[in-house]
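The values are calculated or read from the model by the stated rules, or taken from the named source; none is laboratory data. The structure displayed is predicted, hence computed values, not measured ones. Glycine also receives a Cβ, built like all others from the backbone with ideal geometry; neighbour counts cover every protein chain displayed. With ligands, DNA and RNA removed, areas are computed over all heavy atoms of the protein, side chains included. Shrake-Rupley method; radii C 1.70, N 1.55, O 1.52, S 1.80 Å.
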Amino acid sequence: MNSILGFIVDVLSQPAILVALIALIGLIVQKKSAADITSGTIKTILGFLVLSAGADVVTGSLEPFGKMFQEAFGVQGVVPNNEAIISIALKEYGTTAALIMMFGMLVNILIARFTNLKYIFLTGHHTFYMAAFLAILLTVGHITGVSTVIMGSIILGLIMAVLPALGQSTMKKITGSDQVAIGHFGTVSYWAAGEIGKLFSGKSKSTEDIKFPKGLSFLRESTISISLTMIVLYIIAALFAGPDFVHTKLSDGTNFIVFSVIQGVTFAAGVFIILTGVRLILAEIVPAFKGISEKLVPHTKPALDCPIVFPYAQNAVLIGFFVSFVTGVIGMLLMFMLGGVVILPGVVPHFFLGATAGVFGNARGGIKGAIAGSALNGILITFLPLLFLPFMGDLGAASTTFSDTDFLAVGIIVGYITKFLGIAGVIALVIIIGALGILLQRKANQKVSEK
């Protein structure tokens, strides 16, 4: 049983395989030729592997930057990182997490089939992270045994349907269509960035309309501008950390300036690879998913990982990361001065969530919206962990925690409810979330029909 369950989880937690299966089924349902089915399925896997490779390159290039930053400020604290906290948690909660994930995906499909929340969440690794997260949260809240799996699965399925709906109105502005949704557990940040961006609607041009002087026209190419920006940031971080630290601890003796240049351009290369992977995925998954929705689960939309929006506003990606990270640094210094727990700015979440928040803010309010939206994200992922840490049980003593806003928001809400109201409160929460999600989507549908 455990080996079968392990195999299923391995399949479902791999985005490339999960989405390729969706593409395969969609192409078969559309009665495509064997050649088209093979080509579409392999291209979908290829697209996700390219995207994942790009994400790994970006993450790998950010690692030394984070170490230089920590050395420069001499601050020890909690570093928000999903992968780190999950690796610790799975030793105790692995089986429960696997069951919650499997049944949670089934709940998501049933919701899409029988309600107006027509979203299928396809970011497999984030689904697994949230399943593990809910296993921890409910167990710490004294909801154990079969109840943990049942309540966890229902909550997981609901948020996988409701959160894409929350961000969909802005997603339509970003992509220019209603064919794809955001499927990443930073949606609270993205929705908030879109909402705050509305304050600047019509008051600021798009980040993509930034006009560079003729002599700087080369900066219009995002790969060049990202490279130069990151090189400058790396050199500054290296100077504050000290060239000796870079030489002895990070660069294997390579000069700190040379090392900074290589890492800055490597970061830009990672972003370029991500954009290439996104284009491959969209070209295959959207038409294939349409085939499935028409036959099996009518009118559904795939909810995909956050880099899916990067090609639509590449300047906003860079602005969002930079502003979110700077906001995180300011928040860290404030906590350091006040004393107590210090949340260090995790470079990876500030990049992926900050960049995406920048794109969402830009879609609603141009450059000012991108800055305000990503700054708000920086505030959320810096200060929400402080409110969430008490609900981590023994894991709260670890030097890491969950990094993305949806984990933190769900954790704080469910944590307080389980603490004071127990399982009855969680059941009431599930009903309220479902009702709000359906009303949210109904309101969005009414706006579309009015237009």
(message) List the residue pairs whose Cβ atoms are under 6 Å apart, where the first residue sits in region 19-33 and is under 17 Å from Gly47 (Cα atoms) and at pLDDT below 80, the second is open to solvent by less than 20 Å² (accessible area, probe 1.4 Å) and assigned to a loop (DSSP other than H, G, I, E, B), and the two are 6 or more positions apart or on different chains.
(response) Val19/Leu122
(message) Being in contact with a helix residue (DSSP H, G or I) (Cβ under 9 Å, 6 or more places away or on another chain) and part of a helix (DSSP H, G or I) is the filter here; which residues of region 245-261 pass it?
(response) Phe245, Val246, His247, Lys249, Leu250, Phe256, Ile257, Phe259, Ser260, Val261
(request) List the number of the failed condition for Ser147; all other conditions in (1) in contact (Cβ under 8 Å) with a residue 60 or more places away in the chain; (2) hydroxyl-bearing (Ser, Thr, Tyr); (3) more than 18 Å from Leu106 (Cα to Cα) hold. (result) (3)
(request) Go through region 111-148 and count every residue that is in a helix (DSSP H, G or I), open to solvent by 10 Å² or more (accessible area, probe 1.4 Å) and closer than 30 Å to Lys301 by Cβ. (result) 6
(message) Restricting to region 338-363, name every residue that is modelled with pLDDT under 80 and not hydrophobic (A, V, I, L, M, F, W, C).
(response) Gly339, Gly340, Gly346
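Does Thr96 satisfy the condition of being among the hydroxyl-bearing types (Ser, Thr, Tyr) and open to solvent by 10 Å² or more (accessible area, probe 1.4 Å)?
Details: among the hydroxyl-bearing types (Ser, Thr, Tyr): yes; open to solvent by 10 Å² or more (accessible area, probe 1.4 Å): yes.
For Thr96, the condition - among the hydroxyl-bearing types (Ser, Thr, Tyr) and open to solvent by 10 Å² or more (accessible area, probe 1.4 Å) - is met.
Quick check: is even one residue across region 45-58 open to solvent by less than 60 Å² (accessible area, probe 1.4 Å), under 29 Å from Phe310 (Cβ atoms), in contact (Cβ under 8 Å) with a residue 40 or more places away in the chain and over 22 Å from the mean Cα position of the chain (by Cα)?
In the first step, residues of region 45-58 are kept if they are open to solvent by less than 60 Å² (accessible area, probe 1.4 Å); the result is 45, 47-48, 50-55, 57-58.
The next check asks that each one be under 29 Å from Phe310 (Cβ atoms); those that pass are 45, 47-48, 50-55, 57-58.
Now restrict to residues that are in contact (Cβ under 8 Å) with a residue 40 or more places away in the chain: 47-48, 50-55, 57-58.
Subset that is over 22 Å from the mean Cα position of the chain (by Cα): none.
Scanning region 45-58, I find no residue that is open to solvent by less than 60 Å² (accessible area, probe 1.4 Å), under 29 Å from Phe310 (Cβ atoms), in contact (Cβ under 8 Å) with a residue 40 or more places away in the chain and over 22 Å from the mean Cα position of the chain (by Cα), so the answer is no.
For region 204-226, enumerate the residues that are assigned to a helix (DSSP H, G or I) and modelled with pLDDT under 85.
Passing the criteria: Lys214, Gly215, Leu216, Ser217, Phe218, Leu219, Arg220, Ser222, Thr223, Ile224, Ser225, Ile226.
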